[in-house]
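Visitor: Below is one structure. I have some questions about it.
The values are calculated or read from the model by the stated rules, or taken from the named source; none is laboratory data. Since the model is a prediction, treat every value here as computed from it, not as a measurement. Backbone-built Cβ (ideal geometry, glycine too); neighbour counts: all protein chains shown.
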Amino acid sequence: MTVYIRIIREVSYMAFNEKEFYDQLDTHLNAGDIKAAEEYMLDVLRLADENALMLQLGDGCPTCNIGRTDVTFLTDSAKETIQERSLCRLIVLNELGCFYRDLNRADECIHAYELLVAELEECLLENTENYVTALVNLGGAYRMGKRIDDSIDCFDKAYKTLCDNEIASDAVRANFYNYAGMAYQDKGEHKKAIEYFENSIKHQRALAPSSADLASALSNLSMAVYSSGDIDSAEKYVDEAIGIFENVSGNKIPHYASALNNKATFEYAKGNLESAAAIFEKAVEKTHAVFGESREYASACRNCSVVYQRLGNEAKAKEYADMAATVC
């Protein structure tokens, strides 16, 4: 096998320090400086590439391929540099993907997670929990970008990896089933979505009797069950979810607003318009606290406008319609 080496630049390499990376990133995020946080992560990635030897192998990165191809010509220092670069990329790309996901920037989120999956494959880590998690995050990013078929393909690959490598981690499986369930829900396959959410809840309960992740899966299950026509069971699940969210410190988490929106939807469907309006208003408040004036916030405002229109409260209906319009 031919090995191609390209030296980008002769500079002294500064080893990647994980703690320093997170400390600096937290400084930007805690200050609310989103632009600085993004630029910092992108700069760290660029420096890792510029300061390292770039070796291109058709069969993965050389430090992970000892014994599979001839890399004996590399010095120990060069091998360490390559390892540092891969470590840096794995950590930073994961954070970058999470960063873009929280900001609902689908295309950039997809790109970051695609690079992360490719880096794991180059390092021959396809049989690991980290690889499954990266695939799950990529599948979620595809779903956010409305690429449902790509999302399902990604989850199928993650499931095969779970089974082939007998990965039994409750945390990994709970995350997989919850994200995959949402993709099947979007595709209209409610029966499969329900099966996946139930599996996620089983693994979540094995981890902790009460957690935000468990509440998120319960909320998702409530909407899948509602879509299948069982509103009574849907209410039972969403009430449990909301109860958990309300006991989570600060409850400033994205899925809490979603659970409130589900509950209000069920109240609206039953004709309990006053109750629906009050819960939709709370969903608006929680959505704004997490996402600011975003698409999610505009959607929540439109929900309020619709229910107040049904109640004959034209002033409130217009107020929330105007709030939604300022975002769009």
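Visitor: Go over the candidates Ala15, Ala37 one by one and state the one that is assigned to a loop (DSSP other than H, G, I, E, B), modelled with pLDDT of 60 or more and either out of contact with any His (no Cβ under 9 Å at 6 or more places or on another chain) or under 24 Å from Ala118 (Cα atoms) (or both).
Guide: Ala15
Visitor: Any idea which of Tyr179, Tyr142, Tyr196, Tyr159 is touching an Asp or Glu at 6+ places or on another chain (Cβ under 6 Å), buried (at least 18 other Cβ atoms within 10 Å of the Cβ) and of a type in the set (Ser, Thr, Tyr)?
Guide: Going through Tyr179, Tyr142, Tyr196, Tyr159 in turn, the sole match is Tyr142.
Visitor: Something else: Determine, yes or no, whether Gln204 is assigned to a helix (DSSP H, G or I), in contact (Cβ under 8 Å) with a residue 40 or more places away in the chain, of a type in the set (S, T, N, Q) and out of contact with any His (no Cβ under 7 Å at 6 or more places or on another chain).
Guide: When the stated conditions are applied, Gln204 does not pass them.
Visitor: Among the residues of segment 132-187, write down those that are of a type in the set (Lys, Arg) and more than 20 Å from Leu90 (Cβ to Cβ).
Guide: Passing the criteria: Arg143, Lys146, Arg147, Lys160, Arg173, Lys187.
Visitor: Something else about it: Would you check which residues across segment 224-282 are within 22 Å of the chain's Cα centre (by Cα) and basic (Lys, Arg) and list them?
Guide: Result: Lys252, single match.
Visitor: Also: Output yes when any residue across segment 319-326 is over 25 Å from Gly188 (Cα atoms), surrounded by 22 or more Cβ atoms within 10 Å (Cβ to Cβ) and out of contact with any strand residue (DSSP E or B) (no Cβ under 8 Å at 6 or more places or on another chain), and no when none is.
Guide: For segment 319-326, residues over 25 Å from Gly188 (Cα atoms), surrounded by 22 or more Cβ atoms within 10 Å (Cβ to Cβ) and out of contact with any strand residue (DSSP E or B) (no Cβ under 8 Å at 6 or more places or on another chain): present.
Visitor: Another question about this same structure. Quick check on segment 291-309. Is at least one of its residues under 25 Å from the mean Cα position of the chain (by Cα), of a type in the set (Phe, Trp, Tyr) and assigned by TED's automatic domain parsing to the domain that holds Ala259?
Guide: Yes, segment 291-309 contains a residue that is under 25 Å from the mean Cα position of the chain (by Cα), of a type in the set (Phe, Trp, Tyr) and assigned by TED's automatic domain parsing to the domain that holds Ala259.
So that you can scan it fast, the table gives a plain yes or no per residue for (1) within 19 Å of Lys316 (Cβ to Cβ); (2) acidic (Asp, Glu); (3) at pLDDT below 95:
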position: Gln204; (1), (2), (3): no, no, no
position: Asp213; (1), (2), (3): no, yes, yes
position: Leu221; (1), (2), (3): no, no, no
position: Pro254; (1), (2), (3): no, no, yes
position: Ser294; (1), (2), (3): no, no, yes
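Visitor: Continuing with this model, one more query. Condition check: of a type in the set (Gly, Ala, Ser), farther than 23 Å from Ala215 by Cα and without any contact (Cβ under 8 Å) to a residue 40 or more places away in the chain. Does Gly145 satisfy that?
Guide: When the stated conditions are applied, Gly145 passes them.
Visitor: Moving to a separate point now. Checking the condition closer than 28 Å to Phe99 by Cα and among the charged types (D, E, K, R), which residue from Asp239, Asp213, Asp232 passes?
Guide: Sole residue among the options that is closer than 28 Å to Phe99 by Cα and among the charged types (D, E, K, R): Asp213.
Visitor: Report the residue count in segment 251-306 for those that are part of a loop (DSSP other than H, G, I, E, B) and within 23 Å of Cys98 (Cβ to Cβ).
Guide: Result for segment 251-306: 6.
Visitor: Which number in (1) modelled with pLDDT under 90; (2) touching a helix residue (DSSP H, G or I) at 6+ places or on another chain (Cβ under 8 Å) marks the one condition that Ala234 misses?
Guide: Condition not satisfied by Ala234: (1).
Visitor: Could I ask something else about it? Given (1) in contact (Cβ under 8 Å) with a residue 24 or more places away in the chain; (2) within 20 Å of Leu29 (Cβ to Cβ); (3) part of a helix (DSSP H, G or I), where does Ala134 come up short, assuming only one miss?
Guide: Unmet condition: (2).
Visitor: Scan segment 134-141 and tell me whether some residue there is at pLDDT below 95, under 30 Å from Ala206 (Cβ atoms) and not basic (Lys, Arg).
Guide: no
Visitor: Using the structure shown, decide if Leu273 is closer than 22 Å to Ser211 by Cα and at pLDDT 95 or above.
Guide: Taking the combined requirement at face value, the residue does not satisfy it.
Visitor: Would segment 164-172 turn up any residue that is crowded, with 24+ Cβ neighbours inside 10 Å, touching a residue at least 24 places away in the same chain (Cβ under 8 Å), in a helix (DSSP H, G or I) and not aromatic (Phe, Trp, Tyr)?
Guide: No: zero hits.
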